[in-house]
4 protein chains.
Amino acid sequence: MLAAARRVFERDGFLDARITDISAEANMAHGTFYKYFDSKEQVFMEVIERSQEELFAERPSRQSAAETPFERILETNRAYYEAYRRNRALNKVLEAVATFDDTLRQQRVVIRRRYVDRTEKAIRRWQAEGLASPHLDPHYAASSLGSMVDRTIYVWLVLGEDHDPDVGLDTLSRLWVRALGLPEPDPVPPRRKRRRST
Amino acid sequence: MLAAARRVFERDGFLDARITDISAEANMAHGTFYKYFDSKEQVFMEVIERSQEELFAERPSRQSAAETPFERILETNRAYYEAYRRNRALNKVLEAVATFDDTLRQQRVVIRRRYVDRTEKAIRRWQAEGLASPHLDPHYAASSLGSMVDRTIYVWLVLGEDHDPDVGLDTLSRLWVRALGLPEPDPVPPRRKRRRST
Amino acid sequence: MLAAARRVFERDGFLDARITDISAEANMAHGTFYKYFDSKEQVFMEVIERSQEELFAERPSRQSAAETPFERILETNRAYYEAYRRNRALNKVLEAVATFDDTLRQQRVVIRRRYVDRTEKAIRRWQAEGLASPHLDPHYAASSLGSMVDRTIYVWLVLGEDHDPDVGLDTLSRLWVRALGLPEPDPVPPRRKRRRST
Amino acid sequence: MLAAARRVFERDGFLDARITDISAEANMAHGTFYKYFDSKEQVFMEVIERSQEELFAERPSRQSAAETPFERILETNRAYYEAYRRNRALNKVLEAVATFDDTLRQQRVVIRRRYVDRTEKAIRRWQAEGLASPHLDPHYAASSLGSMVDRTIYVWLVLGEDHDPDVGLDTLSRLWVRALGLPEPDPVPPRRKRRRST
DNA sequence: TATGAATGAGTCTTCATTCAT
DNA sequence: TATGAATGAAGACTCATTCAT
């Protein structure tokens with residue numbers, strides 16, 4: 001039933017999803033829906049939760065070989081990109097619902113704050129170590145760089161902007177470290193930039 | 001009537017706005033609505049259009065004293081911030097509708113592309129002049145930096161994240177130029193960083 | 001519409017009345033119902049109110065020739081009986097709804113209290129004048145006699161107990177005055193007691 | 001199960017009682033309900049029947065010391081009051097259901113008739129003995145006095161009218177005998193009339 | 001005998017849209 | 001051009017009842 005709901009949300013979006021469709025997708029009578037959920041809002045929340053859980057569950061051993069900050073950033077961005085891509089259809093709906101549902105918006109603000117706080121601390125550390133520019137406000141820098149990654153990937157995967165993930169993520173990560181003043185790696189070997197459609 | 005529609009959209013959002021409310025706000029019978037518009041979608045489009053026109057209309061003479069790239073970037077970002085802020089309520093709705101209305105989404109993608117193309121050309125120019133790092137892909141850089149500005153301001157003004165616009169915009173613009181390798185200005189004089197709520 | 005609602009309530013009772021039926025009875029689409037009323041509860045209240053208003057409106061000049069307490073009581077009881085009878089079908093529904101709707105129950109308790117208070121005062125007056133037995137508690141007497149009249153007429157008109165209203169009301173009123181000790185009139189001339197069905 | 005049903009009816013009333021709740025209250029699956037009963041109506045009837053049986057079962061030896069009609073009436077009324085009070089919650093529901101369920105209404109009409117008939121005979125006897133006024137119609141008198149007792153106790157116990165049962169029942173019984181002309185006992189010794197809430 | 005998942009009839013309610021005046 | 005009563009499609013939700021296990 002949860003799986004059916006997810007399929008319908010992915011297919012029709014939140015607003016156009018009807019209880020009847022979800023039930024039908026699960027080969028159930030619509031009354032059955034109410035045995036498991038109270039409303040469309042609730043089932044959506046559960047679908048989202050379940051999706052998050054799966055995401056965390058599959059997160060592999062973190063024993064990465066990343067040595068430099070750039071490598072770690074690139075790796076993080078790529079992981080985010082991949083996770084987002086695997087749930088692209090659902091994420092699209094999620095972004096939409098978050099624009100008009102206060103509960104969900106609040107929830108996302110909290111998640112965002114967590115990410116920003118963590119990044120802010122890292123920036124302070126780098127500044128203390130003389131790795132990052134001391135002229136940048138760590139909080140605003142963390143917030144804006146977070147937005148950059150977040151939105152860039154949204155534009156690629158939800159708005160469907162043409163892109164080659166390798167080049168795109170490399171550039172994105174370079175911008176990230178350069179903006180802070182962290183060391184940038186050697187240029188990537190020249191390659192034919194072939195953008196990839198979604 | 002158009003003004004009434006705008007007020008209602010700003011107050012209630014798109015989904016919760018009812019034709020009846022718009023008519024009432026305009027002191028009209030709701031039947032009259034259909035003399036002027038065909039549907040809620042259409043009137044929303046017109047409200048948006050009108051808003052854009054006003055935005056362009058008020059854009060003052062561009063005789064700016066900006067000399068350096070940083071100054072120009074900062075000025076542009078500030079102008080964008082101010083314009084966005086003046087129409088915050090409507091922009092919030094606009095972002096929401098764009099997540100589920102294809103026409104609107106398409107339209108925004110086009111606007112975005114224009115901005116990215118312009119920035120991309122500027123980056124190429126800077127690279128040619130030896131001002132910007134040659135190792136960055138101009139297209140992806142333009143796209144990601146655009147997303148950064150765009151989303152940061154959305155987070156501040158729509159999601160309501162605490163911020164001091166002076167510090168925030170300064171940091172945002174610094175990140176922008178630093179990411180490309182453009183010259184960064186001297187550090188801002190120390191100031192009490194007092195974040196401003198929206 | 002109100003008239004249609006009344007007909008449907010009278011015909012089907014409150015629980016079995018459907019919005020659709022009311023609308024159909026008024027030759028309207030069911031959506032139209034909501035232009036005038038918010039819910040079944042509300043329309044019922046309005047039907048009841050309207051009925052009460054009509055009742056008060058038709059109350060004729062009170063210039064009665066009643067001289068003795070008995071005559072006044074008899075006249076009052078008869079008037080109540082007639083009014084109740086004219087709205088019998090609606091009253092039946094009203095009694096039913098009052099058993100499960102708190103608003104309505106409260107309202108009826110208030111009306112009852114008003115009646116009891118008035119009667120209680122009359123009894124005190126009669127006691128002071130030496131007309132009524134001094135051994136009776138005026139409050140409880142008023143309450144119980146009120147219940148007697150009330151319920152007796154309900155039993156006749158709603159439960160449909162066979163009765164001849166002339167004999168019945170005469171007896172009822174005799175019991176009323178006798179219970180208090182007020183003077184009773186001469187016996188009614190012998191008549192064939194033919195009970196009347198409702 | 002029957003006990004559970006009774007508790008649920010008392011708590012929620014008939015209309016708001018759900019089969020599921022009854023089953024849950026009995027720690028049973030709701031499917032099991034249908035092993036024992038066919039419908040909500042039926043289980044309610046059984047609850048009522050059971051309640052009646054208990055009432056009769058507990059009726060103690062009638063060896064009362066009542067000598068005068070007044071004493072017998074008072075004793076009867078008090079017994080009725082007490083029985084009604086012990087089952088107040090259920091009686092409240094019973095009165096409600098009787099307003100819209102024909103079977104139940106019919107049943108109650110029958111019970112009422114039995115009571116009225118018995119009283120009617122008693123009145124005739126008293127009239128023959130010269131104890132009661134010959135000017136009263138025995139049938140209507142019995143009916144109305146029955147209604148008086150019935151309704152008064154309902155008003156006290158179900159509608160929750162403040163009352164002191166001693167004073168109230170004394171007054172009620174006095175009215176009863178006075179209305180018929182039966183001898184009334186000496187006045188009760190003066191007492192503080194303290195009304196008792198239900 | 002007990003279970004509880006599944007059913008689906010039955011109603012309410014909203015609101016964009018039409019149209020006679 | 002303005003009105004607002006009327007429309008009816010669309011969907012949510014409840015809960016008594018069935019039935020395979």
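Assorted remarks:
- Checking the stated criteria, A:Ala96 turns out to be in contact with a helix residue (DSSP H, G or I) (Cβ under 9 Å, 6 or more places away or on another chain) and either within 8 Å of chain B (Cβ to nearest Cβ) or crowded, with 20+ Cβ neighbours inside 10 Å (or both).
- If you filter segment C:135-154 down to residues that are outside any helix (DSSP H, G or I) and modelled with pLDDT of 95 or more, you find that the one that is farthest from C:Leu182 (Cα to Cα) is C:Asp137.
- Test: residue in segment A:62-72 that is within 16 Å of the chain's Cα centre (by Cα), within 30 Å of A:Gly146 (Cβ to Cβ) and not assigned by TED's automatic domain parsing to the domain that holds A:Asp170: no
- Helices (runs of 4 or more DSSP H) (entirely within segment A:1-59) containing at least 3 residues that are touching a Phe, Trp or Tyr at 6+ places or on another chain (Cβ under 7 Å) and either surrounded by 16 or more Cβ atoms within 10 Å (Cβ to Cβ) or outside the structural domain of A:Gln107 (by TED's automatic domain parsing) (or both): A:19-25, A:40-58
- Among the residues of segment A:102-145, those identified as open to solvent by 10 Å² or more (accessible area, probe 1.4 Å), at the interface with chain B (Cβ under 10 Å from one of its Cβ atoms) and within 30 Å of B:Val97 (Cβ to Cβ) are A:Arg105, A:Gln106, A:Arg108, A:Val109, A:Arg112, A:Arg113.
- Close pairs (9 angstrom Cβ cut-off, 6 or more residues apart or separate chains): among the polar types (S, T, N, Q) in segment B:73-98, assigned to a loop (DSSP other than H, G, I, E, B) and modelled with pLDDT under 95 anywhere: B:Thr76/B:Ala66
- Residues of segment B:43-55 include none that is at pLDDT 90 or above, over 23 Å from B:Ala4 (Cβ atoms) and among the aromatic types (Phe, Trp, Tyr).
- B:Ile73 meets all of the listed conditions (1) among the aliphatic types (A, V, I, L, M); (2) within 16 Å of DNA strand E (Cβ to nearest atom); (3) within 14 Å of chain A (Cβ to nearest Cβ) but one, namely (2).
- Residue within segment A:60-69 that is in contact (Cβ under 8 Å) with a residue 60 or more places away in the chain, away from chain B (no Cβ under 14 Å), more than 11 Å from DNA strand F (Cβ to nearest atom) and open to solvent by 40 Å² or more (accessible area, probe 1.4 Å) present: yes
- Applying the criterion of being within 7 Å of chain C (Cβ to nearest Cβ), buried (at least 24 other Cβ atoms within 10 Å of the Cβ) and not hydroxyl-bearing (Ser, Thr, Tyr) to the residues of segment D:146-179, the residue that is farthest from C:Asp166 (Cα to Cα) is D:Gly168.
The values are calculated or read from the model by the stated rules, or taken from the named source; none is laboratory data. Source: prediction; values computed, not measured. A quick note on method: Cβ atoms are made from the backbone with ideal geometry, for glycine too, and the neighbour counts reach across all protein chains shown. For accessibility, only protein heavy atoms count, side chains too; no ligands or nucleic acids. Shrake-Rupley method; radii C 1.70, N 1.55, O 1.52, S 1.80 Å.
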